[in-house]
Amino acid sequence: MKIERVELGEVELVAFTLAQTFMAWQEPIPDFNSRYPNVLESCLETPFQSFDGQDLYTRLADKAAILFYLLIKNHPFENGNKRLAVTTLLLFLSNNDHWIDTGVNDLYQFAKSVAESSPENKEEEIKRINAFIEDTLSRFE
């Protein structure tokens, strides 16, 4: 199964719009063009890195976990990174015919816990995200 990427234009058109529309929570998200140069692009590319012809992140949940982690921890935007991480994760999974079976508020609370995690525990945190995704992942019928 080929895993589809999330493209920058999709993040701007879909994920960013969804976050602004449905997750404003009295805290505005800055304009998309105010993002820090190349940080978002790096977050979107990392799940598809390879070494010696082998993908570093092989399964859908692996790619989704590192994407979610980086969108939260690398702060591609001045504000709204957790909200953008949630909507981009949903977009990525949707592009690959999957979804998370949990509410948006629960997913946002999970994103907050990732944001509060120590960078020194990166590998453990990514494993925790991966487990969360695998436990709540469902395929579109």
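With 10 angstrom as the radius, rank Lys127, Lys73 by how many other C-beta atoms surround their C-beta, starting from the fewest.
Lys127, Lys73
Assuming R0 = 25 Å, what is the FRET efficiency of Phe48 and Asp106, from their Cβ-Cβ distance, to the nearest 0.05?
Using R0 = 25 Å, I get an efficiency of 0.35.
Filter Lys2/Lys73; Lys82/Lys122; Lys2/Lys122 down to the pairs with a C-alpha to C-alpha distance above 20 Å, please.
Flagged as over cut-off: Lys2/Lys73; Lys2/Lys122.
Which of Lys63, Lys82 comes first, and how do the rest follow, when ranked by fewest Cβ neighbours within 10 Å?
Ascending Cβ contact count within 10 Å gives the list Lys82, Lys63.
Suppose every K and R has +1 on its Cβ and every D and E has -1 on its Cβ; what is the size of the dipole of the stretch 45-109 about the Cα centre, in Debye to the nearest 20?
Around 200 debye, computed over the stretch 45-109.
Report, largest value first, the span of the C-alpha coordinates of the stretch 8-61 along each principal axis, in whole Å.
Largest to smallest, the principal-axis extents are 46, 24, 17 Å.
Extending each Cα 7 Å along its Cβ direction at Leu56 and Lys73, get the distance between those two points in nm, one decimal.
Roughly 1.2 nm, to one decimal.
Points 7 angstrom from Cα along the Cβ direction at Phe140 and Leu8: gap in nanometres?
2.5 nm
Show log10 I(q)/I(0) for the chain at q = 0.20, 0.22 Å⁻¹, two decimals, from a solvent-free Debye sum over equal Cα scatterers.
-1.30, -1.59
Values in this text are rule-based calculations from the coordinates and carry no lab data. This one's a predicted model, so the numbers in the text were calculated from it and none came from an experiment. In this analysis, Cβ positions are derived from the backbone assuming ideal geometry, glycine residues included, and neighbour counts consider all displayed protein chains.
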